[in-house]
Structures are given as structure tokens and as C-alpha cells.
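Enquirer: Sharing a structure below in C-alpha cells format, with a few things to ask.
Any read-out appearing in this document is the output of simple, stated calculations on the displayed coordinates, not a laboratory observation. Predicted model, so just to flag it, every value in this text is computed and none were measured. Note that each Cβ is placed from the backbone with ideal geometry, even for glycine, and that neighbours are counted across all protein chains shown.
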Amino acid sequence: MIIKDQNEIVLEGKTFEKYISAEEIDAIITRLAEEINTVYKDVASEIILISILDGSFIFMADLIRKLTFPHTIHFVKLKSYEGEESTGHINYILDLQTDVRGKNVLIVEDIIDTGLTIESFVEKLSNQEPLSVQTCTLLSKPEVHNDIVPIHFIGKELAPEFVVGYGLDLNGYGRNLDSIYKLKI
Ligand code: IMP
């Protein structure tokens, strides 16, 4: 990664410009956590959060530290992207290691683009008879996914553009950036 200046970086030969600052990300997550706390604070039955790896690991870590109700956390690893494009196929690289039957599930995603990943995962979970399933994403590209699956908690909506940073990558690079950058055309 080459840092050109405060607002531009080069990753894998492509230039990205700063789009969402670390401060704005923190404010978005604080607001999301308040919304989630309000919904789950009086839920008496078990609540589990499932983060979809790899991209959501930083978001998950920051989000759960702002949650005030009892919950456990779990991870699955799904892959649908090669480079800057969705392949349209979902590969389960690490499957869920817990039983969701009779539990309230909140799925935590970094970004919803075509919606295929979350749609496939919600469908798979639903077959295991959880008590409830809700979805939360830091970023959403509504023009691409056309709301194919309900998203209950949305951090920020984007135009159909490719972004990196704060857990999101290009070919594995750029996840460590504390702000989010978009591809410069
Ligand atoms: P979907 O199945 O098309 O909704 O894509 C979901 C996954 O694709 C996300 O969890 C990300 O890993 C990846 N993805 C989608 N858009 C972007 C992007 O703009 N930058 C980096 N990764 C992305």
C-alpha cells in the first residue's frame, strides 16, 4: 500500500480516495448500537451475533463493545468476491459452530452489495428454526441489491462503488486502514 497523502492511497496499483473518516465510522457505529440496544434490551431468550468473515471482523469488534445486552458471538467465513467483483457463488469456508434453534440471531455484515451472501446465509439459518433472525450491515449498496433481503440495521448507504478499509479489502489488502476509501475513477 502506498499512502499518497492524507486523502489518497494506492492499493494493487489502483487509486482510492478517502470517503468515510474514522470519526464518522465511530459515530455510525454508536448510532447503530443504540438502535440495536433498543430492540434487544428486553429480549428474554438467548441472543447470538454472527459475524460474516473476513470483512466484518473490525466492525464486529467495535460494535459489540457498544452493546449493553447479554449475547454471545460466533463467526462464519463466506466468500463471494474475487478482486472487485462478486462471482455470484457463495462458498462456505468456515461453517457455523453453534446451534441456532430457538435463539435470536443478529447477523453482522460489513457491506451488502448484490445481497447474495446474506440472502444465502439467512436462508440456511432459517432451516435451523431460530426464534428470530435480523440483519445488520455497516454499509449497503441499495441500487445493487434492490432489498432482496430485509436489512434491519444499516450504517450507511453507498452508490454502487468499490470501497476498501476498516476490514474491507482489495485482494486481501487495505483491511488495516482506519477510514474507508473509494475507488477513484
Ligand atoms: P454480496 O454477496 O454481493 O452482497 O457481497 C458481500 C461481500 O462482498 C461482502 O461481505 C464483502 O466481503 C464483499 N464486498 C462487496 N462490496 C465490496 C466492496 O465495495 N469492497 C470490498 N468488498 C466488498
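Enquirer: Condition first: among the hydrophobic types (A, V, I, L, M, F, W, C), over 24 Å from Glu24 (Cβ atoms), crowded, with 16+ Cβ neighbours inside 10 Å and more than 13 Å from the ligand (Cβ to nearest atom). Can you find one or more residues in the stretch 79-94 that meet it?
Expert: No, the stretch 79-94 has no match at all.
Enquirer: Within the stretch 1-31, track down each residue that is without any contact (Cβ under 8 Å) to a residue 40 or more places away in the chain and among the polar types (S, T, N, Q).
Expert: Scanning the stretch 1-31 gives Gln6, Asn7, Thr30.
Enquirer: Within the stretch 100-138, take every residue that is within 30 Å of Ala27 (Cα to Cα) and touching a Gly at 6+ places or on another chain (Cβ under 6 Å) and give me the one that is nearest to the ligand (Cβ to nearest atom).
Expert: Asp110
Enquirer: Further, regarding this structure: Assess whether Pro142 counts as being more than 12 Å from the ligand (Cβ to nearest atom), over 22 Å from Val10 (Cβ atoms), in contact with a strand residue (DSSP E or B) (Cβ under 8 Å, 6 or more places away or on another chain) and touching a residue at least 12 places away in the same chain (Cβ under 8 Å).
Expert: no
Enquirer: Another question about this same structure. When both residues are 6+ apart or on different chains and their Cβ atoms are under 6 Å apart, which pairs have a first residue that lies in the stretch 56-73 and is free of Cβ contacts under 8 Å to residues at least 40 places away in the same chain, and a second that is part of a helix (DSSP H, G or I)?
Expert: Asp62/Ile29; Lys66/Ala33; Leu67/Ala33; Thr68/Asn37; Phe69/Tyr40
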